[in-house]
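Participant: Please read through the structure below; I'll follow up with questions.
The values are calculated or read from the model by the stated rules, or taken from the named source; none is laboratory data. Values in this document were obtained by computation on a predicted structure and should not be read as measured data. Cβ atoms come from the backbone with ideal geometry, glycine included; neighbour counts cover every protein chain shown. To get the accessible areas, we keep the full protein, side chains included, count just its heavy atoms, and leave off ligands, DNA and RNA. Shrake-Rupley method; radii C 1.70, N 1.55, O 1.52, S 1.80 Å.
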Amino acid sequence: MAQKTVLIVYAHQSPGSFNAAVRDVAIEELREQGYRVLVSDLYAMKFRAEATRDDITGDLKNSELFQYGDETMHAWKKGKLSDDIVAEHRKVEEAELIIFQFPLYWFSVPAIMKGWMDRVLTQGFAFSLEQMYDTGIFKDKKAMLSFTTGAIQTMFRPDGINGDINVSLWPIQNGTLHFCGFQVLAPQIFWSPAHCPLTVRTAMLDGWRERLKGLLEEQPLTFAPCELFDLSFKGGFMMWPEVRKEKEALPFGLTTGHHLGKPLPPDNQISAQSTKESGAKADCKK
Ligand SMILES: Cc1cc2nc3c(=O)[nH]c(=O)nc-3n(C[C@H](O)[C@H](O)[C@H](O)COP(=O)(O)OP(=O)(O)OC[C@H]3O[C@@H](n4cnc5c(N)ncnc54)[C@H](O)[C@@H]3O)c2cc1C
């Protein structure tokens, strides 16, 4: 059987950081399980974050008005993307799972990792309007966020000062990863490693090692399937009226984003729930 590949996209400046320790646990444990592990160490690679004209070699399709999305899609089709993007495309193609390892910056990924997403998840290669979300190009691949925070866990509760972590995770987990089709595994969150004793940090790493043993068999998070929506400009890509009516009868919103003005489904973006519990199953007649 062909060896399976995991890609770790890693963003931390310091080899002595807790993020580096978390990355190393993943490399060691996954290799022990027989996986081939690739690492894109973005700061060490000096990975460029800015999406610019330099990402296309040779002439542009339209030099009058530079449109990054159009130009990179065209360049991807013609084999004219810059070498650093092509190298990352090869790794993504080979990977069955991508782990994004980073410290939380401003409720999001560090700029260098956002740059990786902007530049590597090229239109055509990673998504199209015809293939998105659960019908997306990477629907047979998995992806997950693994990150550290400065905040303690209670700060990110719905009644904590920062607000619900599920809301913070929605843009990247749904808007980027799931949009490209990835089955998104529950995030691994290391709460405030800089503010806890060594014993707690060691226990966090042990917990991560344990989770890695069954990671690729885990159920992904629940999102709303495309068939719940009228995917046409005429229909505004809105939920079918009969689906909306049915979902409105449920006690919770469908997902963190599709809340329908109701309470959010509990921990929709941090733990896998059955489709039955979440009501996200596409069982409505159109
Ligand atoms: C621009 C910016 C924006 C930020 N925005 C946010 C935000 O929105 N929300 C938020 O919550 N936080 C935010 N932060 C804080 C940031 O998320 C944390 O500082 C970061 O997550 C801590 O992770 P680290 O790997 O850098 O920890 P480190 O400081 O590197 O490590 C923590 C401790 O772990 C120790 N350690 C290292 N290796 C091991 C090991 N093998 N075993 C045991 N211990 C070990 C280290 O020595 C250190 O004592 C922000 C920070 C910056 C700079």
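Participant: Give me a comma-separated list of calculated 3J(HN,Hα) values for segment 229-237, in order, Karplus coefficients 6.51, -1.76, 1.60 applied at θ = phi - 60°, integers in Hz, x for any Gly or Pro.
Facilitator: Taking θ as phi minus 60°, the curve returns 10, 7, 7, 9, 5, 4, x, x, 6 Hz for segment 229-237.
Participant: Tell me the relative contact order for segment 1-148 as a rounded percent, counting alpha carbon contacts under 8 Å between residues six or more apart.
Facilitator: Details: 204 pairs, mean separation 47.2, N = 148.
After rounding, I find 32 percent.
Participant: For segment 41-116, calculate the relative contact order in percent as a whole number, restricting contacts to Cα pairs under 8 Å that are 6 or more residues apart.
Facilitator: Details: 48 pairs, mean separation 33.0, N = 76.
Worked out over segment 41-116, it gives 43 percent.
Participant: Please figure out what share of the DSSP beta bridges in segment 5-217 is antiparallel and state it in percent, rounded to the nearest 5. Could you put the intermediate results ahead of the total?
Facilitator: Details: 2 of 27 bridges.
The antiparallel proportion sits near 5 percent.
Participant: How much net charge surrounds Gly261 when only the other residues with a Cβ under 13 Å from the Cβ of Gly261 are counted, with Lys and Arg +1 and Asp and Glu -1?
Facilitator: On the way: positive: Arg244, Lys247, Lys262; negative: Glu248.
Neighbour charge sum, excluding Gly261 itself: +2.
Participant: First compute the accessible area of segment 81-141 with a 1.4 Å probe, then give the percent of it belonging to carbon and sulfur atoms. If you can, show how the numbers build up before the last one.
Facilitator: Values: 1420 of 2520 Å².
Ligands and nucleic acids excluded, carbon and sulfur reach 56 percent.
Participant: Separate question: Please compute the net charge surrounding Ser82, taking Lys and Arg as +1 and Asp and Glu as -1 over other residues with Cβ under 11 Å from its Cβ.
Facilitator: Values: positive: Arg48, Arg53, Lys80, Arg119; negative: Asp54, Asp55, Asp83, Asp84, Glu88.
Charge balance near Ser82 sits at -1.
Participant: Test of understanding: in a Gaussian network model of the chain with alpha carbons linked when under 10 Å, which of Ala44, Ala26, Ala126 would top the mean-square fluctuation ranking?
Facilitator: Answer for the Gaussian network model of the chain: Ala44.
Participant: So, one more: Read phi for every residue in segment 107-120 and hand back ³J(HN,Hα) as whole Hz from Karplus 6.51 cos²θ - 1.76 cosθ + 1.60, θ = phi - 60°, with x for Gly and Pro.
Facilitator: 6, 8, 7, x, 3, 5, 7, 4, x, 4, 5, 4, 8, 8
Participant: In addition: For segment 5-217, what does the accessible surface come to per residue with a 1.4 Å probe? Please give it in Å².
Facilitator: Numbers: 9720 Å² over 213 residues.
It amounts to 46 Å² per residue over segment 5-217.
Participant: May I ask for the net charge around Ile8, where only other residues with Cβ less than 11 Å from the Cβ of Ile8 are counted and Lys, Arg are +1 while Asp, Glu are -1? All intermediate terms of the calculation are to be shown ahead of the outcome.
Facilitator: Values: positive: Arg23, Lys91; negative: Asp24, Asp41.
Summing Lys and Arg as +1 and Asp and Glu as -1 gives 0.
Participant: Which entries of Lys91/Lys213; Lys114/Lys247; Lys114/Lys262; Lys77/Lys141 show an alpha-carbon separation above 25 angstrom in the structure shown?
Facilitator: Details: Lys91/Lys213 22 Å; Lys114/Lys247 33 Å; Lys114/Lys262 31 Å; Lys77/Lys141 22 Å.
Pairs exceeding 25 Å: Lys114/Lys247; Lys114/Lys262.
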